[in-house]
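The values are calculated or read from the model by the stated rules, or taken from the named source; none is laboratory data. The structure displayed is predicted, hence computed values, not measured ones. Here the Cβ positions follow ideal geometry from the backbone for every residue, glycine too, while neighbour counts run over all protein chains shown.
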Amino acid sequence: MIDERMEEAINKQINAELYSSYLYLSMSAYYDSIDLPGFANWFRVQAEEEKFHAMKMFDYVGERGGRVKLGAIEEPQLEWADHAAPFDHGYAHEQKVTGMINDLVNLAMEIRDHATVNFLQWYVEEQVEEEDTASSIVGKLKLIGKDGNGLFMLDKEMGTRVFTPPTKE
Ligand code: OFO
């Protein structure tokens, strides 16, 4: 049976992951509105990934005899200053999420919930990847600057991303 404090903290994180999904979906809509369909696709796939992160926790709470409690999801930002801004925002957001995951691990350690410490390792690794991916696109966008051809090529590349659910373990 999961400790009540852990249950509550994971429930909050489920909300945060769903918010991430909502935020990235909003970025997808923004890119669609400025005619960068590849970027829009990339964030739509990213939104799916975030939903997967939430559902993995959703299942875990159930497996441990806890109760999932869903709360309201905050309204995401709708507009950004330019085509590069959502990636700066996304990178900063992922760093914030890494902090949240670390806090969850700290709590699990503090209450000696080894099963949850173990479960959360998947997220610890996932956050390394999430930050790395976001920062590398931020870097590419800086290199491209105002070069229209470069942006066109990157948009094309981003359009090829497809969602593949990560393996369960
Ligand atoms: Fe769920 O990793 Fe991004 O937010």
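For the stretch 39-93, name all the residues that are among the hydrophobic types (A, V, I, L, M, F, W, C) and farther than 30 Å from Ile144 by Cα. Spell out how you get there, then give the answer.
Initial filter on the stretch 39-93 (among the hydrophobic types (A, V, I, L, M, F, W, C)): 39-40, 42-43, 45, 47, 52, 54-55, 57-58, 61, 68, 70, 72-73, 78, 80-81, 84-85, 87, 92.
If the condition is that a residue be among the hydrophobic types (A, V, I, L, M, F, W, C) and farther than 30 Å from Ile144 by Cα, then Phe52, Ala54, Met55, Met57, Phe58, Val61, Val68, Leu70, Ala72, Ile73 are the ones that fit.
Go through (1) more than 12 Å from the ligand (Cβ to nearest atom); (2) in a helix (DSSP H, G or I) and name the single condition Arg112 misses.
(2)
Does Glu74 count as within 16 Å of the ligand (Cβ to nearest atom), surrounded by fewer than 16 Cβ atoms within 10 Å (Cβ to Cβ) and more than 27 Å from Thr164 (Cβ to Cβ)? So that I can check it myself, show each step before the final result.
On the way: within 16 Å of the ligand (Cβ to nearest atom): yes; surrounded by fewer than 16 Cβ atoms within 10 Å (Cβ to Cβ): yes; more than 27 Å from Thr164 (Cβ to Cβ): yes.
When the stated conditions are applied, Glu74 passes them.
Might you check whether a residue that is surrounded by 14 or more Cβ atoms within 10 Å (Cβ to Cβ), acidic (Asp, Glu) and farther than 24 Å from Leu154 by Cα occurs anywhere in the stretch 93-101?
No, the stretch 93-101 has no match at all.
Please work out which residue is nearest to the ligand (Cβ to nearest atom), limiting yourself to the stretch 44-62 and to residues that are of a type in the set (Gly, Ala, Ser) and either surrounded by 16 or more Cβ atoms within 10 Å (Cβ to Cβ) or not in a helix (DSSP H, G or I) (or both). Write out each step before concluding.
We begin by selecting, within the stretch 44-62, every residue of a type in the set (Gly, Ala, Ser); these are 47, 54, 62.
Keeping just the survivors that are either surrounded by 16 or more Cβ atoms within 10 Å (Cβ to Cβ) or not in a helix (DSSP H, G or I) (or both) gives 47, 54.
Working: Ala47: 10, Ala54: 8 Å.
Among them, the one singled out is Ala54.
Within the stretch 124-149, can you find the residues that are modelled with pLDDT under 95 and surrounded by 15 or more Cβ atoms within 10 Å (Cβ to Cβ)?
None - no residue of the stretch 124-149 is modelled with pLDDT under 95 and surrounded by 15 or more Cβ atoms within 10 Å (Cβ to Cβ), so the list stays empty.
Evaluate the following for Leu104: is it assigned to a helix (DSSP H, G or I) and farther than 24 Å from Asn15 by Cα? Can you show your working first?
On the way: assigned to a helix (DSSP H, G or I): yes; farther than 24 Å from Asn15 by Cα: no.
No.
If you go through the stretch 76-92 one residue at a time, do you hit one that is in a helix (DSSP H, G or I), acidic (Asp, Glu) and closer than 16 Å to Ile137 by Cα? Please lay out each step first, then the result.
Kept after step one, since they are in a helix (DSSP H, G or I), are these residues of the stretch 76-92: 85-92.
After this cut, where a residue has to be acidic (Asp, Glu) as well, the list is 88.
Checking which are closer than 16 Å to Ile137 by Cα leaves us with 88.
Yes: the stretch 76-92 contains one or more residues that are in a helix (DSSP H, G or I), acidic (Asp, Glu) and closer than 16 Å to Ile137 by Cα.
Looking only at the stretch 1-43, count every residue that is free of Cβ contacts under 8 Å to residues at least 40 places away in the same chain, in contact with a helix residue (DSSP H, G or I) (Cβ under 7 Å, 6 or more places away or on another chain) and either more than 18 Å from Phe163 (Cα to Cα) or surrounded by fewer than 19 Cβ atoms within 10 Å (Cβ to Cβ) (or both) and tell me the total.
1
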